[in-house]
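For reference, the structure is listed below as structure tokens.
The values are calculated or read from the model by the stated rules, or taken from the named source; none is laboratory data. Not measured: the values here are computed from a predicted model. Here the Cβ positions follow ideal geometry from the backbone for every residue, glycine too, while neighbour counts run over all protein chains shown. Protein only, heavy atoms only, side chains kept; ligands, DNA and RNA dropped before computing areas. Shrake-Rupley method; radii C 1.70, N 1.55, O 1.52, S 1.80 Å.
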Amino acid sequence: DAGITQSPRHKVTETGTPVTLRCHQTENHRYMYWYRQDPGHGLRLIHYSYGVKDTDKGEVSDGYSVSRSKTEDFLLTLESATSSQTSVYFCAISEGGRTDTQYFGPGTRLTVL
Amino acid sequence: AQRVTQPEKLLSVFKGAPVELKCNYSYSGSPELFWYVQYSRQRLQLLLRHISRESIKGFTADLNKGETSFHLKKPFAQEEDSAMYYCALRAETSGSRLTFGEGTQLTVNP
């Protein structure tokens, strides 16, 4: 497995509370991504980063924000969690380039009650 | 915008039978197509990509631009092939971003 870790791996929280998920890489890859995985929807991109402090929205970014203050860490924040944000969240990294391949973290299972 | 469709959410076959997982896409440009796989309790990982034209674990996939499809095939399924399979597309204008399909859960029965 590529050097990608996610924390926490499991979290249960209540509606309205803020939640931050962390993705950490040891590969020095330029690109980092946050996806959510839901039955019937597959993986959908939330936000991605193409460098330190450089981020952009994906297809399901509403209710989420991200930050990348250093190459190795990419944080996903749910400012005020809702039950619709109950999901499995995956982080991925890639180097970019012609043969770019995304490598995925182990996932974080988030339950919002 | 591009879109990837996997029409089968669930697919069940017997060991030794041929298997085909369907993937259709909509994109007006020249896409790059991938198959990713997630085995039980493992991370999502790349299975194959169309530009490599390789066979991985006995699986092959051919990009058919006329039918806008990238179906994944294996002539003789094995129990260890049971997993969730995702088709993904990279558009020319998307940089490194991927668009994933809904996924197909393949079960190979003994």
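Among the residues making up the stretch B:67-85, those that are farther than 30 Å from residue B:28 by Cα and hydrophobic (A, V, I, L, M, F, W, C) are B:76, B:77, B:83. Considering the stretch B:1-72, the qualifying strands (runs of 3 or more DSSP E), each wholly inside and each with 3 or more residues that are open to solvent by less than 60 Å² (accessible area, probe 1.4 Å), run over B:24-26, B:32-38, B:45-49.
Does the stretch B:38-60 hold any residues that are among the small types (Gly, Ala, Ser) and over 16 Å from residue B:82 (Cβ atoms), and which are they?
B:52, B:55
From the set of residues in the stretch A:67-85 that are in a strand (DSSP E or B) and polar (S, T, N, Q), which is surrounded by the fewest Cβ atoms within 10 Å (Cβ to Cβ)? Selected residue: A:69. Summed over the stretch A:71-91, the residues that are over 11 Å from residue A:49 (Cβ atoms) and out of contact with any His (no Cβ under 7 Å at 6 or more places or on another chain) give a count of 14.
The strands (runs of 3 or more DSSP E) falling completely within the stretch A:1-66 that include 1 or more residues that are among the hydroxyl-bearing types (Ser, Thr, Tyr), in contact with a strand residue (DSSP E or B) (Cβ under 7 Å, 6 or more places away or on another chain) and under 19 Å from residue B:88 (Cβ atoms) map to A:31-38, A:42-51.
Restricting the search to the stretch B:73-101, which residues are in contact with a Lys or Arg (Cβ under 9 Å, 6 or more places away or on another chain), open to solvent by less than 50 Å² (accessible area, probe 1.4 Å) and more than 10 Å from chain A (Cβ to nearest Cβ)? Across the stretch B:73-101, the qualifying residues are B:74, B:77, B:81, B:89, B:91. What about residue B:104, is it more than 29 Å from residue A:106 (Cβ to Cβ) and either away from chain A (no Cβ under 14 Å) or at pLDDT 90 or above (or both)? The answer is no for residue B:104. Pairing residues of the stretch A:98-113 that are at positive phi and open to solvent by 10 Å² or more (accessible area, probe 1.4 Å) with residues that are among the hydrophobic types (A, V, I, L, M, F, W, C) and assigned to a loop (DSSP other than H, G, I, E, B), at Cβ distances under 6 Å and at least 6 apart in sequence or on separate chains, gives no pairs at all.
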